[in-house]
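Here is the structure we will look at, set down as structure tokens.
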Amino acid sequence: MYGLHSQTKRRAFLRAACAAVGLVISWPLAAADVIKIGLVTALSGQSAKAGEALTRGLTVAIDEINAKGGVLGGRKFELVRRDDEANPAKGQIAARELLFKEKVAVLFGGLDTPVALAIVPIVNQEKVPFMDPWAAGTPITRNGANPNFVFRVSAVDELVDRAMLQYAQKNFSTKTPGVIVVNNPWGESNQKGLVAALEAKGMKAAGVEKFEPNDVDVTPQLARLKSAGADSLMLVGNVGPSAQVVKSLDRMGWKVPIVSHWGPAGGRFTELAGPNAKDVVFVQTYSFFGRQSPVGERVLAALMKKYPDVKGPGDATPAVGIANAYDAMHLVALAIEKAGSTDGDAIRQGFYKIDSYDGLIKKYDKPFSPGNHDALGENDYIWTRFIGQEILPVAMVAKQ
């Protein structure tokens, strides 16, 4: 470990001074020495399942770290959560409460890109590290701030967009894909990324359509894409809107390949989309199905022990939330150790000093640098689809 926090040292000195003059004091060191980790995420609504996945990934990692003695000479972590209800304004309120009232050392959050983008200016101003374990909007980490306190263990839109096009070309021989995205900052981020990916290959979209987060019928947008000759759909939307796209396609009777960002994984997609939910192929960073690494076996066993509803890999879902949060928390702990304190700027620089970490998703080698705050790259994605309630790798489904 890298030594006690300066505050702990001061208390030790005061204890010694009091003892020297015969005074006896009682000091609640254990409680004061806890390092609080904040989490702002959706804990209610359609994306609550994803918020719970982040919670579980963080909790399993914190349990492991604390069991090994914590950090900074024995300080333990404590998780403090707030519900943002997938609302940017509520996310800002929750973030401020965790920063100013709870005094968290590191803030986790960003299930939704609009919420994450609303929090970014706050953490950069307050100089508290913000770790994003889900939201993929490119500008979240590439926000122009210097110094930049935002880090991510998750997908990045512009990388996912290239991977989506590559998958559609390889598996569906796509030549003129239709782009359909949610009308918010996340959709805008992916629209730019998809158009750029197409242009890089000398291709052009059949059309670009948008839908609102609360739309219950997107038939008009889909009809325009069909008329324009779209031979596949590049879909970007969270659980509810993505489900409405599938249901609108059903009403139209249009069978077209759908390659999606990971929005469908965040909640009750199969329930909302119906039987054709299985037709949507979407990106993930991890799956608990198939042969697991020793880290994967350990994490799955811990989940099954701690959460009675987890009976096997199919219940460790969304796996992307669990895995991203688990690895991110371990990287945060390493950054704090490298910093030797819980000072926000020291932790920021501590991220750059991490040499390697043998994680759940992969073995990380110098995952962060001043010019790169994203620990995962385009080679760290896998493609999945729903089979029943389970998210299975496409390669595994093909073998069945």
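The values are calculated or read from the model by the stated rules, or taken from the named source; none is laboratory data. Since the model is a prediction, treat every value here as computed from it, not as a measurement. As a convention, Cβ positions derive from the backbone with ideal geometry for all residues, glycine included, and neighbour counts pool all protein chains shown.
Considering only the stretch 310-354, state which residues are touching a helix residue (DSSP H, G or I) at 6+ places or on another chain (Cβ under 6 Å) and not hydrophobic (A, V, I, L, M, F, W, C).
Answer for the stretch 310-354, where residues must be touching a helix residue (DSSP H, G or I) at 6+ places or on another chain (Cβ under 6 Å) and not hydrophobic (A, V, I, L, M, F, W, C): Pro318, Gly321, Tyr326, His330, Lys338, Gly350, Lys353.
Among the residues of the stretch 235-244, which ones are crowded, with 24+ Cβ neighbours inside 10 Å and farther than 18 Å from Thr113 by Cα?
Listed by number, the list holds a single entry, Ala243.
Residues checked against (1) free of Cβ contacts under 8 Å to residues at least 40 places away in the same chain; (2) under 27 Å from Glu199 (Cα atoms):
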{"position": "Glu126", "(1), (2)": "no, no"}
{"position": "Asn148", "(1), (2)": "no, no"}
{"position": "Lys170", "(1), (2)": "yes, yes"}
{"position": "Thr176", "(1), (2)": "no, yes"}
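Being part of a helix (DSSP H, G or I) and free of Cβ contacts under 8 Å to residues at least 40 places away in the same chain is the filter here; which residues of the stretch 227-262 pass it?
Answer for the stretch 227-262, where residues must be part of a helix (DSSP H, G or I) and free of Cβ contacts under 8 Å to residues at least 40 places away in the same chain: Ser227, Ser242, Ala243, Gln244, Val246, Lys247, Ser248, Leu249, Asp250, Arg251, Met252.
Can you tell me which residue in the stretch 310-353 is nearest to Phe368 (Cα to Cα), limited to those that are touching a residue at least 12 places away in the same chain (Cβ under 8 Å) and of a type in the set (Lys, Arg)?
Filtering the stretch 310-353 for residues that are touching a residue at least 12 places away in the same chain (Cβ under 8 Å) and of a type in the set (Lys, Arg), the one nearest to Phe368 (Cα to Cα) comes out as Lys353.
If you take the residues in the stretch 271-309 that are free of Cβ contacts under 8 Å to residues at least 24 places away in the same chain and in contact with a helix residue (DSSP H, G or I) (Cβ under 7 Å, 6 or more places away or on another chain), which one is surrounded by the fewest Cβ atoms within 10 Å (Cβ to Cβ)?
Asp309
Please find, within the stretch 35-50, the residue that is surrounded by the most Cβ atoms within 10 Å (Cβ to Cβ) out of those that are over 10 Å from Arg82 (Cα atoms) and not aliphatic (A, V, I, L, M).
Ser47
Which is on the phi < 0 side of the Ramachandran plot and assigned to a helix (DSSP H, G or I), of Val104, Val123?
None of the others qualify; the one that does is Val123.
In the list Gly144, Gly187, Gly137, which residue meets the criterion of being modelled with pLDDT of 95 or more and among the small types (Gly, Ala, Ser)?
Gly144
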